[in-house]
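In what follows, a structure is listed as structure tokens, so that the remarks can point back to it.
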Amino acid sequence: MARRAVLFDLGGVLFGPGLQHFLRSYERDAALPRNLLQEVLLDGGPESPHARLMRGQITLSQLLSELERGCRARTGAALPDAFSAAPPFEAMATDGRLNAPLLRAAVELRRNGFKTCVLTNNWVDDSAGRLFTATLVGVLRRHFDVVVESCRVGLHKPEPGIYRHALQALQAQPHEVIFLDDAGENLKPARDMGMATILVRDTETALKELQELSGLLGREELLPTACDPDGVSHGYVSIRPGVQLHFAEMGHGPVVCLCHGFPESWLSWRYQIPALADAGFRVIAVEMKGYGDSTAPPGELGARGAGDIPAGRAGRSFPGGVAQAVLVGHDWGGIVVWNMALFYPERVRAVASLNTPYRPADPDVDIVERMSSIPAFDYQFYFQEPGVAEAELERDISRTLRLLIRSISKEVREGASPRCPRAGGLLVGLPEDPPASRILAGPALQYYARQLAKSGLRGPLNWYRNMRPNWRWALLAKDRKILMPALMITAGKDPVLHPGLSQGMEEWIPQLSRGHIEECGHWTQIER
């Protein structure tokens with residue numbers, strides 16, 4: 001029997017512990033009569049405070065008032081004057097946690113074509129802690145196809161109508177659905193309708209049952225939630241007349257700005273954007289200058305491409321009036337963020353780079369001579385003559401991306417190594433129709449290709465074409481140190497930006513922290 005949709009309860013399944021845990025804890029800590037709160041909550045059956053709360057007929061603040069009156073009526077003068085029914089709900093907000101393994105399972109199911117839904121008995125939260133509810137529901141909406149809250153539909157579990165509502169929202173039949181809940185009474189109506197049900201007592205057992213029923217989980221490494229171009233906000237910021245940057249944005253809070261490298265896209269951060277947003281940050285992922293919808297004059301070379309941004313033109317124009325941000329970069333984006341930290345430290349709260357180390361410019365060694373002495377950088381000299389690399393790489397952009405952006409698994413043998421461009425081009429002798437890349441395929445590959453076809457490769461390649469002016473400009477900061485908190489993440493299998501290049505960075509960055517991922521190639525944020 002083919003299953004194609006999964007319903008998840010919230011309290012006690014995706015988020016825990018559930019409300020009952022916090023009610024019991026409060027009764028114990030406050031020396032209240034055992035089960036007092038639950039008895040008052042459920043008093044009245046279908047018209048109890050709990051039932052009316054879950055149907056959205058009363059709000060949480062109204063429930064708390066009814067609870068307090070009901071508890072006093074039952075206990076007389078036994079309760080203190082300052083008694084409040086709010087602490088269990090407040091404790092749930094501060095001490096409850098998302099169930100990460102089950103959330104990852106839901107993400108993996110969705111990635112493999114399952115429809116996913118949160119089916120929760122929930123309330124209209126007008127309390128002082130309502131931001132918690134808003135944040136939690138916002139996180140769920142990013143990870144699931146459908147979120148059904150009882151208070152929004154006027155029905156609550158175990159009323160059969162709410163299950164029919166969820167099936168309609170998913171456009172699924174009962175026999176196609178798996179339902180997880182921690183309350184047996186909520187599972188019975190679903191089971192009677194024909195759904196497969198899982199009573200959640202512990203996460204490990206629930207995952208095993210879910211794997212058996214779905215036939216999917218456990219087959220490969222679970223990936224985190226990825227955003228897509230339609231799931232984020234988009235905006236533009238002017239660098240100077242005629243030149244603008246496109247950016248994607250998600251979340252609220254302190255700003256984290258993500259800067260990609262060559263030949264990529266803001267979408268290279270598709271796994272990090274939702275994770276950072278869920279963690280309470282406003283994430284701004286820039287489409288770097290000359291890529292896709294970010295413009296650059298056709299003849300403008302690397303000093304402007306690489307110089308404008310770290311020198312502060314983009315810094316002066318952070319989206320939405322942002323005064324300061326955490327900057328994170330990869331590849332060329334790493335060079336950008338290190339230089340922003342040097343030239344505009346007041347705009348940088350902290351700085352991090354994936355793969356790209358920081359090295360101060362050396363006035364005693366010509367940069368072209370230095371680069372030409374390192375075989376791993378040969379490809380950059382192939383990129384120097386305008387039009388040559390463009391002709392090869394633009395001929396079939398999808399092929400170019402599939403050959404270049406590959407993982408360190410066996411598929412890397414089918415891709416291009418940028419160490420030594422072959423006679424006649426970087427991709428000569430490689431398959432015309434290469435196998436799919438494990439780390440860039442499907443809609444993400446299609447989006448990369450569309451954006452690069454829109455802009456062409458001239459802008460992205462121009463980042464490589466002004467070595468000496470960039471070097472002379474960097475010499476202005478050769479004696480400076482980067483003093484804000486900083487993070488350097490190295491990748492053990494990067495064939496170009498290998499970890500050894502980062503040795504000695506602590507001399508110039510006193511607050512440097514390090515991370516290292518040994519089994520990782522160049523494309524760190526999508527590979528690991």
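Classify the stretch 233-526 from the C-alpha gyration tensor, please: rounded if a/c falls under 1.5, else prolate or oblate depending on whether a/b exceeds b/c. Since a/c stays below 1.5, the shape of the stretch 233-526 is classed as rounded.
Between the beta carbons of Ala323 and Ala82, assuming R0 = 41 Å, the FRET efficiency works out to 0.45 to the nearest 0.05.
Here each label is just a point 7 Å from Cα along the line to Cβ, and for Leu483 and Ser409 those points are 4.7 nm apart.
Per-residue accessible area (protein heavy atoms, 1.4 Å probe) orders Asp192, Asp366 as Asp192, Asp366, starting from the largest. For the stretch 19-93, the C-alpha radius of gyration divided by 2.2 N^0.38 Å, with N the number of residues, is 1.03.
With respect to the chain, whose longest principal axis is taken over its alpha-carbon atoms, helix 302-311 is tilted by about 50°. Its DSSP H runs of at least 4 residues, each contributing -39,500 (n - 2.57), put the calculated 222 nm mean residue ellipticity of the chain at -10500 deg cm²/dmol, to the nearest 500. Largest accessible area first, the residues His143, His252 order themselves as His252, His143 under a 1.4 Å probe with ligands, DNA and RNA left out.
If the chain linking Ala391 and Leu131 were pulled fully straight, counting 0.36 nm for each residue of separation and taking away their Cα-Cα distance, it would gain 88.3 nm. With R₀ set to 22 Å, the beta-carbon distance separating Ser238 from Lys454 gives a calculated FRET efficiency near 0.70. Compute the distance in nm between two label points, each set 7 Å from the Cα along the Cα-to-Cβ direction, one at Arg201 and one at Gln20. So the label points at Arg201 and Gln20 sit 1.3 nm apart. Dipole check for the stretch 381-528: with +1 at the C-beta of Lys and Arg, -1 at the C-beta of Asp and Glu, and the Cα centre as origin, the magnitude is about 280 Debye. Counting only protein heavy atoms and a probe of 1.4 Å, the accessible surface of the chain is 53% carbon and sulfur. Basic side chains Lys and Arg get +1 at the Cβ, acidic Asp and Glu get -1 at the Cβ, and with that the dipole of the stretch 461-520 about its Cα centre reaches some 440 debye. Each 10 Å bin from zero up to the one holding the largest Cα-Cα distance in the chain carries the following percent of pairs: 3, 16, 23, 20, 15, 12, 7, 2, 0, 0.
Take every Cα pair under 8 Å in the chain that's 6+ residues apart, average their separations, divide by the length, and report that relative contact order as a whole percent. Across the chain, relative contact order equals 12 percent.
Taking Cα atoms only, the orientation of helix 442-455 departs from the longest principal axis of the chain by about 40 degrees.
Report the antiparallel proportion of the DSSP beta bridges in the stretch 233-526 as a percent, rounded to a multiple of 5. Of the beta bridges lying entirely in the stretch 233-526, close to 35 percent run antiparallel. Selection among Ala31, Thr120, Val337 by position relative to the dipole of the chain gives Val337 as farthest towards the positive end (Cβ unit charges, Cα centre).
Placing +1 on the Cβ of every Lys and Arg and -1 on the Cβ of every Asp and Glu, with no other charges, gives the stretch 19-93 a dipole of roughly 120 debye about its Cα centre. Placing unit charges on the Cβ atoms of the charged side chains and taking the dipole of the chain about its Cα centre, the candidate lying farthest along the positive direction among Thr94, Leu440, Ile162 is Leu440. With respect to the chain, whose longest principal axis is taken over its alpha-carbon atoms, helix 19-29 is tilted by about 70°.
To the nearest 10, the accessible area of Phe281 is 60 Å² with a 1.4 Å probe. For Gln168 and Asp43, the difference between the fully extended length at 0.36 nm per residue and the C-alpha to C-alpha distance is 41.8 nm. Report, in listed order, any pair from Lys115/Lys289; Lys115/Lys493; Lys289/Lys478; Lys115/Lys208; Lys115/Lys188; Lys454/Lys478 with a Cα-Cα distance greater than 31 Å. The answer is Lys115/Lys289; Lys115/Lys493; Lys454/Lys478. Where both bridge residues fall in the chain, DSSP classifies roughly 25% of the beta bridges as antiparallel.
Accessible-area rank, largest first, for His165, His330: His165, His330, with all protein chains present and a 1.4 angstrom probe.
Of the residues Gly429, Val326, Ala279, the one whose Cα sits farthest towards the positive end of the charge dipole of the chain is Gly429 (charges of +1 on Lys and Arg Cβ, -1 on Asp and Glu Cβ, taken about the Cα centre). The aspartates and glutamates within cross-link reach of Lys481, meaning a Cα-to-Cα straight distance under 13 Å and a gap of 8 or more places when in the same chain, are Glu506, Glu507. Counting 0.36 nm for each residue step from His498 to Thr75 and taking away their Cα separation leaves a gain of 145.3 nm. Seen through its C-alpha gyration tensor, with square-root eigenvalues sorted a ≥ b ≥ c, the stretch 176-264 comes out prolate because a/c lies at 1.5 or above while a/b is bigger than b/c.
Each of Asp378 and Ala275 was given a label point 7 Å from its Cα along the Cα-to-Cβ line. The distance between the two points is 3.5 nm. The distance separating the Cα centre of the stretch 101-115 from that of the stretch 1-79 comes to 30 Å.
The values are calculated or read from the model by the stated rules, or taken from the named source; none is laboratory data. These figures come from a predicted structure and were not determined experimentally. Reconstructed Cβ throughout: ideal geometry from the backbone, glycine too, with neighbour counts over all protein chains shown. We work out accessible area using only protein heavy atoms, side chains counted, and drop any ligands, DNA or RNA first. Shrake-Rupley method; radii C 1.70, N 1.55, O 1.52, S 1.80 Å.
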